[in-house]
Structure formats: C-alpha cells, structure tokens
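In what follows, a single structure is set out as structure tokens and then discussed.
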Amino acid sequence: MSARQHQTVQLRHLQGLYVRYRDRPALLSELEYLFGLRQVASDNLSEIAAESALQLNEYLHALGDPHAMSWVASQIDLAAGDGFIYYLRSANVLETAIAELLRFAPMLFPDGDMRVVTEAEQWQIQFSPLPQSDRLGGLLRYEAIVVWLIRAVSCILGADIRPLSMQVMTAKMGSTELETICATPIVYQAECFSVAWPTSYLQSKLPGFSASLHSTLQAMFNQRFQHFQAQHTLLWRTWQHLSRGQQLAWADLANTAHALGLSSASFRRQLSLEGTSFRQISVQMKRNRAIHALLDSKIRLEDLAHSLGFAERSTFERAFGLWFTWSPSQFRRELNRSFPHRHRAKWHVAEAWSFAECHSKRLDEALDQELVVLSKLAPYWLDNPKHTALLLVELNLLEIDFNKGMHEFAKFEYSLEAYTYRNLLCSSRGIPQSLEQEQYQRALLVANFSRAVLEDCAFATLDAEHGLMVWAAYFHRLATPLEDLPFAEHCRRSALLLILWGVNPDVLSYLLRWSNNATLVSDYLEHALDYLSARLDQQSLAYGCWRVEFGQQNQVYSQWDLLLKQINHRLESPYFAHLCDLESFTLI
C-alpha cells in the first residue's frame, strides 16, 4: 500500500447513501458524477480514491448533512466485512478482543493513532487523526469510525451496550442526529475522538468464543498484517512515527530507527534507497508544522520553536529563514498583507480543491504509475498528495510509463489540462465558479504563455533544474490570477500560497527569487508578460529597457507571436482569435 491509498473507502461501505437519499435521485447522480459513487454488491471490494472519499464527506457536510457518514456507519452490516469482527468475537474475553483491535490498528486506521486507556471505573478507546487533524473530511471520517466502533463492541459482546460517554473533534452543528445514533452524551470539539465503557465489561466472556476458530483467523490476519507492513515504505512509517505526540521535537535518527525495529545503518540505507533521508523527512515535517502553527496568531514563536525541537527562538528563526526566505514574523506579516481576508481553516487543507479535480481520472491514472520518480518530492507526498501530484505530473512527465494511462505531449501540449488550471484558480483564492469565461481564458493564457516563453528561452535552459523554473513560471499567478499586479508581486503571493499548501521549498525557490530581486530570467518573463498584455488589449507596447542578453528584439517578438498562435490553436478558444491578427499590434 502506498501513501496515496490511505483512507480509501470500499464502495460497499457507502451503499447506505442510496438508502439515505433514495428520495433525492438528483443528489445521488451528482455524487456518482463527482466522486465515483456507484451501487455494488456486498462482496465487491472496489474502492474510491482517498481524496474523493474525504471530499465526499466535506461535500455532504456543506450541503447541511454533517452526520451523513456517521449514519451510514450505523447501518453497515458488520457480518458483510472481511471476517475481522468474527475474529474479535472468537476471543475469550472482551479485553483480548480489544488488545487485538489495537494491534491491528495501523492496518485498520493507517491515517490515525489509536490508544486504549484503562482506569478504575471506565476504559476508553481514543483516536487522533494524523497529521492534519483539522482537515474536515478526516474529522468526519473518524466520527464515523467511532460510530462503527460502538456498534462493533456491542456486536462482540452480543448485546446492545451503550457507552458511558463520547468525545468528537468535530464541531456541534444544528442537529442532534449523532446523539440519537450513539445514544450517549457527546462532547464536541474535543482534543481527540474517544468513547468510554465501564471497566467491568473488559472481563466479559464473549458468546462467540472458539479457541480453534480464533487461532485459525489469527494466522490469516497475521499474514495480512505482515503483507500490509511489507508494502509500506519506510518513509511512510517514519512519517507516521514522527507524527505522534511530541516525537518530532526530540527524535533523532538512532531512536527513530530503534522505534521502527532497525539499526541506524539499516535505517539510513533503506531511506536512501527510497530517495530520501531521515533529515529530509524531519525537516519537511518541521516546515509543515511551523507553517500550520503560524496561521494561528495566538501561538507564540518561543513555544513553536520548542515544540519543533529548537532550543532557542533565534535558532528556529534562522532555520525558517533558510527554508522560506522570510523570518516567521515576516511570514505572518506577508500573509496578512497579501491576503487580509483569509480564512485560516481553508489555507492548507484539501477541501479548498474543487470536487471534480479531486476525482480526476487523468491524475488518478498518473498517480497509479509506480515509475513516477519522487526524488526530492518524496517527503512532501505524504502531507499533500494531490498538490504534489501536480508537481509529479508536471516535472516528471518523461518518467511516467505513458502506455499505462499517460501519453507524451508535444512541446506546447504537455501542460496540465485546461480544467486543472481553472480548478486551481477557482479553489485557491476563493474565486467563484461563475468566473467570467473571458477572465478565466486570459488567466489560462498567461499561465501557458509564461511557461512556453521560458521553455523556449535559450539562456534559461542553462539552469540545472530548468523544469522547476518552468513550473514556477506556469503557476506564478496562481494566488491572484485576475489582478493586475507587478510580476514580482504575483510571484510573492503565489509563493505564499504554495508554501501554505506544503509544496517543496526547492520548487518555490524561483518564485521567491523573482519576488525579491530582478534576475535575467525574471526581467525576460516580465517583459514577455507586458508584451502579452499589450497584445490582448490591442495596445502599443512602450518598453525601452530591452536587454541585449534577450537576443534580437524583433526575432524574439516574432517567436512570442508564434507561441501565442500555437497556444491559441491548442486551446481552440474564440476569445483568442484576434491573436492571429498581427497587424493590429504595434511597438514603440
């Protein structure tokens, strides 16, 4: 199992939606179109993508049905699973069954941390989603898991056992449906998910006890668990380990290797074979934690520094400056200046994506190709797989097996599809879906033109990581696509947005460089985009700062016009038809 498969949901477990919305056929059709929902038999093991499953949760919540998935969990036929509940029922007492549930938790709940806490009067099962616990889709997923767990304990005991109490991390909405489903008091917006029962239940004899059946099923599930562990990369296991509690603050290579059952040398060697290192993983996780925390103005920099394992605030500030150019305080100021109306909860989480893009068949096919080389991007894949997918498709196109879902594009055709850029625009800055066609087409043309210009630029190809530079040019207006801002300001704001999305700072180095000082490439791009604006507005271009390094001015302008024609031909938009009329444009 690779990182992208975490949280996948089998379609058979979602069949309750067809019952819940049987009087709303239009909604069911919409869910089928957007998320791949479909009716399947109880023994069908087909899944929907992890991101689609989370988006489905969030979509129903936004429609005013916050506990839809919890209700579906309350209707699942526990006998229709893979036999795991039967295995737990075959134990001698409940305590043994719960111990086995805890042992297999990494396989059952790979995106979370499960704990069992036993006290004098009660025992609890606690869950904490990892690592983005404020992702709405993930919280709704674990709310449904707790509902399933309540039913599972009753099924194991052979009686309808009500829990003593329940806590959820989700917010209280204008509904009492969850209380009705669980039949217990509920505390909302808690620090973790938990459900409690009387301690006396732990020694209850189970009605399904069978030593021979338990032994047979245990061997089967042990084998499945070993297969699960073997398929997980060491990178993912390291990330999961460091995500728990305060591990990241004090962990080093030696104690992490020990916790994962490896020697330091073996740990280092295996990570190297996966194209990464302990330091890379640790640093990226600290970067992401830092960015996440800085969105909350109440968190003090001293406290943040210590939580990340830095002895002093100044040490943290120096490290942050190396990562992102700005100091932590400057980063906060830049965010407030560039995006004064931002909503903290929407910055870095994937519900900001439009639903159709999250269920993109083309991207899903690309992600299924094991030949995609993660290289430097490997550690960043885990936190934000969909956004990283865009980078992988863009930067590693030639390393994807095109015979398995992707085909090789020609020079001016290997950008992502137009709808991808549109969805990025519409979701990243809250641009309404009713965006005027002309505005969108112009933003799309700017993206394609800047990329084509840089790809075609002879001096830019001297850069050692030219692909990263071209990608930066393509998305340089992502944060403010419709605003008329200086080139450097577009780069700065887009860098901020992509940092919040968890994109590799190495990729963003060009945007950051272009936003701070002029370079030959940024001057060239700025001139090209001024040229494009003049062409689109059918105005004269007055620009007296042509640099000899650019080449012969008339030849470059002619080449840019050729690029515009090629892009226009590919986009096949009537909006750009006037681009072919070169006589309508003059230069000063």
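When peptides 265-272, 110-117, 449-456 are ranked by their average number of other Cβ atoms within 10 Å per residue, the highest-first order is 449-456, 110-117, 265-272. Measuring r between the beta carbons of H306 and T118 and using R0 = 22 Å, the FRET efficiency lands at 0.10. Note on region 242-338: Cα-only Rg and Dmax are 15.1, 48 Å.
Between N554 and A249, the contour length at 0.36 nm per residue exceeds the alpha carbon distance by 104.0 nm. A Förster radius of 22 Å combined with the Cβ-Cβ distance from K565 to E489 puts the calculated FRET efficiency at roughly 0.15.
Taking other Cβ atoms within 10 Å as a rough exposure proxy, H306, H292 sort from fewest to most as H306, H292. In this simple spin-label model, placing a label point 7 Å from the Cα along the Cα-to-Cβ direction at both D537 and H258 gives a separation of 6.6 nm.
Sites listed here are GluC sites (Glu not before Pro) in region 115-175 whose DSSP assignment is loop and whose Cβ has at most 16 other Cβ atoms within 10 Å: E119, E121. Spacing of the modelled spin labels on N336 and R103, each 7 Å from Cα toward Cβ, amounts to 5.4 nm. Ordering S210, I156, I76 by the projection of their Cα atoms onto the charge dipole of region 3-211, which places +1 on the Cβ of Lys and Arg and -1 on the Cβ of Asp and Glu, puts S210 at the extreme positive end.
Full extension of the chain between A183 and D82 yields a length gain of 33.6 nm, computed as 0.36 nm times the residue separation minus the alpha carbon distance.
With R₀ fixed at 25 Å, the C-beta to C-beta distance from K205 to S42 puts the FRET efficiency at about 0.25. Taking amide H as placed 1.01 Å from N in the peptide plane, the amide H of G112 sits under 5 Å from that of L130, each at least 5 places away or on another chain.
Here the simple spin-label model places points 7 Å from the Cα toward Cβ, and for L482 and V283 these points are separated by 3.9 nm.
Residues T233, T461, arranged from fewest to most other Cβ atoms within 10 angstrom of their Cβ, appear as T461, T233. Comparing Q330, G309, I299 along the charge dipole axis of region 242-338, the residue lying farthest to the positive side is Q330, per the Cβ-charge model.
Read the figures in this text as sums done on the coordinates, not as results from a lab. Computed from a predicted model, the values in this text were never measured in an experiment. Positions of Cβ are generated from backbone atoms using ideal geometry, with glycine treated the same way; all protein chains shown enter the neighbour counts.
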